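Chemist: After the structure tokens below, expect a handful of questions from me.
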Ligand SMILES: [Zn+2]
């Protein structure tokens, strides 16, 4: 069976006109949305889905006028108990433009983390060039039921340090481990096996096509198998990732 710990079924459909399809294996996935239309589409896109919602950390730059409405939708869905996770939230300091909204990103991050704690929901993190902020806020992260780092790009030592601080953290890897991202490859090879997840971030992190999709999970699993020293085969790996997904998302 396959696990996609972070994907956007609505965005994939908008980009390709097609629905995400699993390559003849059962798939369990976690979808993310920042508006209601996306959320409802994601919810209808497969039986084995966990559905998350958050104000995306890029939204203050990409579409500032939609931030307030997105936040209101987040609270409404949470109060109706429609959420199974909160995310993706976090910090995107990839360039100066994104960094210019640091104050608002921080406020939003704290609001999302507090909501996840109040509702006992896992928190999905989007972190670009902002590991320092993660450590600044590790106390609040420790109070969440689980933290899933989507497309983890931190160092091995940073991941281990979060675990030592008592954060129930899972590290999700996708195409980056096949595209020669050395930090991600090292983290995927060395962080504890029971903390690893696979993801596509579909449609946003393509391998060789224009868009990533669920078929890429097969190549990502093979990539992890090559990196890990455990005496396991592809079935053992799938089993472990499924167990990790279950532990992270409940
Ligand atoms: Zn994403």
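Chemist: For the structure I just gave you, tell me whether residue 27 is away from the ligand (no atom under 14 Å from the Cβ), under 17 Å from residue 215 (Cα atoms), in contact (Cβ under 8 Å) with a residue 60 or more places away in the chain and crowded, with 24+ Cβ neighbours inside 10 Å.
Modeler: no
Chemist: Return yes when residue 37 is under 23 Å from residue 152 (Cα atoms) and either away from the ligand (no atom under 15 Å from the Cβ) or surrounded by fewer than 18 Cβ atoms within 10 Å (Cβ to Cβ) (or both) and no when it is not.
Modeler: No.
Chemist: List every residue pair whose Cβ atoms sit under 9 Å apart, with the two residues 6 or more apart in sequence or on different chains, where the first one lies in region 1-23 and is free of Cβ contacts under 8 Å to residues at least 60 places away in the same chain and the second, anywhere, is within 13 Å of the ligand (Cβ to nearest atom) and part of a strand (DSSP E or B).
Modeler: Note: pairs meeting the criteria are 10/31; 10/33.
Chemist: Anything in region 175-187 that is touching a residue at least 40 places away in the same chain (Cβ under 8 Å) and either away from the ligand (no atom under 14 Å from the Cβ) or over 18 Å from residue 88 (Cβ atoms) (or both)? List them, or say none.
Modeler: Within region 175-187, 177, 178, 185 qualify.
For every residue, the table says whether it meets (1) surrounded by fewer than 22 Cβ atoms within 10 Å (Cβ to Cβ); (2) over 21 Å from residue 49 (Cα atoms).
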{"position": "181", "(1), (2)": "yes, yes"}
{"position": "204", "(1), (2)": "yes, no"}
{"position": "237", "(1), (2)": "yes, no"}
{"position": "248", "(1), (2)": "no, no"}
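Chemist: Can you find a residue in region 110-126 that is under 18 Å from the mean Cα position of the chain (by Cα), part of a helix (DSSP H, G or I) and within 16 Å of the ligand (Cβ to nearest atom)?
Modeler: Checked against the condition, which is being under 18 Å from the mean Cα position of the chain (by Cα), part of a helix (DSSP H, G or I) and within 16 Å of the ligand (Cβ to nearest atom), region 110-126 yields at least one hit.
Chemist: If you don't mind, there's one more thing I want to ask. Just to verify a result, which residue in region 41-68, among those that are away from the ligand (no atom under 16 Å from the Cβ) and within 22 Å of residue 17 (Cβ to Cβ), is surrounded by the fewest Cβ atoms within 10 Å (Cβ to Cβ)?
Modeler: It comes out as 44.
Chemist: For region 188-212, which residues satisfy the criterion of being within 16 Å of the ligand (Cβ to nearest atom) and under 15 Å from the mean Cα position of the chain (by Cα)?
Modeler: Across region 188-212, the qualifying residues are 197, 198, 199, 200, 201, 202, 203, 204, 205, 212.
Values in this text are rule-based calculations from the coordinates and carry no lab data. Keep in mind the model is a prediction, meaning the values are calculated, not measured. Methodologically, a virtual Cβ is constructed for each residue, glycine included, from the backbone with ideal geometry; neighbour enumeration extends over all protein chains shown.
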